[in-house]
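Each value in this text was obtained by applying a stated rule to the coordinates, not by laboratory testing. Owing to the predicted nature of the structure, the values given are computational and were not obtained by experimental measurement. All Cβ positions, even for glycine, are placed from backbone atoms using ideal geometry, and neighbour counts span all protein chains on display.
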Amino acid sequence: MKLLEQTPDAVSQKIQNVLTPEEEEFIRVSTDLDSDGNFGEQWVVVTDKRVIVAPVEGVDGVVDVPIRELAAVQTEPLVGGGRLEIERKNQATLFVPYSSSLAEKFSEVARGLEQLRQQDEFFIKTELDQTRCSKCGRLLPEKNGICTACIRRLATLGRIASYLKPYKWRAILMALVSLVTISSELAPPQVSRYIVDNVFLPPDETAGTVAQRATILGWCILGLIGLRVLRWGMELVHGWIVSWLSARVTADIRSHLYRRLEMLSIQFYDQRRVGALMSRVTRDSDMLREFLVDGLPYLVINTLMIVGILCVQFSMHWQLTLCMLIPVPLVIIWGRIFWRRMRRIFNKHGQGWAHLSARLNEALAGIHVVKAFAQEDREIKEFEKKNTDLMRISKRTARHWLVFFAVMSFLTGCGGVIIWLAGGLEVLGGNLTLGTLTAFSSYMWLIYGPLEWLGRVNSWMTRAFAGAERIFEVIDAAPEAYNDPEATSLTEMKGQVAFKDVTFGYDKSKPVLHEVALNVPPGEMIGLVGKSGVGKTTTVNLIARFYDVDRGAIEIDGVDVRNIRLEDLRSQIGIVLQEPFLFSGTIAENIGYGSPGATLEEVMEAAQAANAHNFIVAKADGYDTNVGERGNNLSGGEKQRISIARAILHDPRILILDEATSSVDVETEKEIQEAVARLIKNRTTFAIAHRLSTLRNADRLVVLDGGRIVEIGTHSELMDRKGVFYDLVELQQQTSEIIGIRE
Ligand SMILES: Nc1ncnc2c1ncn2[C@@H]1O[C@H](COP(=O)(O)OP(=O)(O)OP(=O)(O)O)[C@@H](O)[C@H]1O
Ligand SMILES: [Mg+2]
């Protein structure tokens, strides 16, 4: 957990002069302002013994403060930035200014220094949010987002195209068809040239009589019709292949993406909004489709077309071809200017969409809360705001298009004028036949089309590439290690669980659990007790390896969970989550969720064990009752019992019950407890409950406080000890008496 940036040589030298060989460096970071607050750079180095502040310029100026000399370290926000304030015991406070883009980094530095000063600990977050591109330094469109300026276009194109690989024969056929299409496109001007030069304006009398020439004209016209028909046919075949391919390929991309999403860790989801991820599956993959359907095939055709036409034209009259190309640099320059601006707008467009769908997802998922607090108007306003933003961007995009096309058609129009002027003079001078000039003019219109289009394909490419990069980001994110070949297989788990000095925090700089040590033999039931937010759920999350520990280890049957095959681990752990979640479908389907292939008898047995059978059969449709989206058609207690049944049916070696009985009445809870008592035989069980009486069955109770284990023992041992647990029980009893409940 170190934050070490690359230092320039001059600075390394200065730092090395101060440090002693055995010192351990924790932090080495740069500022973007000098000590006077002007643009410049200073370096802050933190070791286990001291802090050093070193400017880049100048020989001296290195300030060296021993850790024990520190009085306090904090950051102070200022306009457009902030400063690190290093208060010293015997000297004036040191101020290290930085701009706002580095605020997060320096708040970690301050936190690290405070930890070192107060205790000998050191935890800081080293994976800071990136606001700037690490390559070009530009501001990123979103935190940790993708820098569109640095998209490796060719590589991305290659990756997109690699989705075509399984269908390569069709792709090759498509390319062949394109070639024929292009040839059939290039031929007609040659025919018309022949007609003008040899039929209408024959050079001499040897060309034949009018009747003979009319026959030739007839043949030429037949040829033209033949070419047209060929082209139509090819277009049909081409369209057919493209639609087949693009549907397949986008379906492939979507399922690839979704398979990845399912395999990503919970940590990945903690950091992202579900709606924004959904827009990657729906919108971004659609953008790829647009690119593959409208972009890639035409890109190939049009490029070949341009090359083909230029070759023909150069062979006909190279000087005139050069004249025709005069506006092309202008077209290209204009295209570049335009696309640079469009890229930014497209980016905003993408973000606008992501924000809108994230908001939509959250608001609809939380519709009960919205209604309960009568906040419909506020949600509508929020949505309107995002929608208006999106509308503005769309409007801007459309206006830019308008200007773009106007300028483009003006430039290409200029090309036409130049051809008629230069070509006309050549015809008058007798250096060029009229047929060649008309052919030239036809080619010119043929070439400007693809040229203009090439400008447009850039937009598709930019947009599709940004979408592709967002998709590839998910695909490239490290999945959970389901296929780790090194992992130990543990198909017959005994259920011994050991916490070995486990330290863990969702945010690495703020540990939730500190050095938790606990040894649970197979079959024992542990009750986890503690105040809300103390880390009970976190503790059990670590057993199922939803998160990896930061320090220490969790071992099951003596094997570190990080080395156990994930499938073996999770298939032998049954969890009843604190917030039960059911999928829409029937009750039977939900109970059988973790055990595909379970018979209805087995499902019913599990439901009986979880004390759910009675309420299920009381429903009109019994086990076929539809639970509604997220199980919303059931009561909280019913949902809980179904999720207990689901865990029971899974027949786990390790059972985790997180507040499994919090939403049921005392009576039902007693019944469930009896069921659980039967159930926990031969299984290692971790039960969390706020109602402490629930945990009477537990072999041992583990009391957490401040992220540490403060007491371990049986119910009576802990009561005798009159410690934290005793206080909790006392408090709960007093409260129960006040509201008149006796348990
Ligand atoms: N996904 C998360 N990301 C960041 N912080 C989290 C996350 N989940 C929990 N926390 C924080 O970790 C701490 C411990 O949470 P935990 O859910 O383990 O508490 P708990 O003991 O189960 O509380 P409760 O009894 O209320 O369920 C809390 O301060 C909480 O805010
Ligand atoms: Mg909890």
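Structure above, values below:
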item	result
Qualifying trypsin sites (Lys or Arg not before Pro) in segment 667-702, DSSP loop, other Cβ atoms within 10 Å at most 14	Lys681, Arg691
Percent RCO, i.e. relative contact order, over segment 3-118, from Cα pairs under 8 Å lying at least 6 residues apart	20 percent
Residues in segment 651-671 reached by a label modelled at Asn614 [backbone nitrogen below 13 Å; 7 Å Cα→Cβ]	665-671
Cα centroid separation, segment 394-441 to segment 40-74 (Å)	66 Å
Average projected area [Cα convex hull, segment 3-118], square nanometres	6.8 nm²
Label-point separation in nm, Leu78 to Ser265, each point 7 Å along Cα→Cβ	3.8 nm
Residue order, fewest to most beta carbons within 10 Å, for Phe383, Phe472, Phe465	Phe383, Phe472, Phe465
Estimated FRET transfer efficiency when R0 is 45 angstrom, pair Gln119-Ala372 (beta carbons, to 0.05)	0.50
Antiparallel bridges, percent of DSSP beta bridges restricted to segment 3-118 (to nearest 5)	95 percent
Cα centroid separation, segment 211-269 to segment 659-725 (Å)	66 Å
Kirkwood hydrodynamic radius (C-alpha pairs) into Stokes-Einstein, the chain, 10 °C and 1.306 mPa s, D in µm²/s	49 µm²/s
Fewest-first sequence of Trp240, Trp43, Trp169 by Cβ atoms within 10 Å of each Cβ	Trp169, Trp240, Trp43
Added length on full extension, which subtracts the Cα-Cα distance from 0.36 nm per residue, Ile380 to Asn519	44.8 nm
Percent of beta bridges antiparallel (DSSP, the chain, rounded to nearest 5)	70 percent
Where trypsin sites (Lys or Arg not before Pro) fall in DSSP loop in segment 49-109, at most 13 other Cβ within 10 Å	Lys89
From the C-alpha gyration tensor of segment 325-380, square roots of 5λ in Å	46, 8, 6
Taking Thr388, Thr668 and counting other C-beta atoms within 10 Å, the order from fewest to most	Thr388, Thr668
